[in-house]
Amino acid sequence: MKNFLTSTVAVSALALMLGMTSARAEDAVDPNARQGGAITITYKDDVATLDPAIGYDWQNWSMT
């Protein structure tokens, strides 16, 4: 059991290190990027309710 735990921790640490190095390589800033801005999100249908106690479907949950 101890051997399984050790190997699991080692594999997890290796996967984390590999994931961090690939994410670090993509941190280049676009020279044409501008600070700020706005995003507009539209939905096909109206929101059923804004009450979080009632609106537990995916569309209402994403609005709260």
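List of remarks:
- FRET efficiency, 1/(1 + (r/R0)^6) with R0 30 Å, evaluated for residue 20 and residue 54 via beta carbons: 0.10
- In a fully extended conformation the segment linking residue 8 and residue 33 would gain 4.9 nm over its present Cα-Cα distance, using 0.36 nm per residue.
- Mean Cβ neighbour count within 10 Å, used as a protection proxy, ranking 39-45, 14-20 highest first: 14-20, 39-45
Laboratory data are not the source of any read-out in this text; all were calculated from the coordinates shown. Bear in mind the structure is a predicted one, so any value in this text is a computation, not a measurement. FYI the Cβ positions are ideal-geometry reconstructions off the backbone, even for glycines, and counts take in every protein chain you see.
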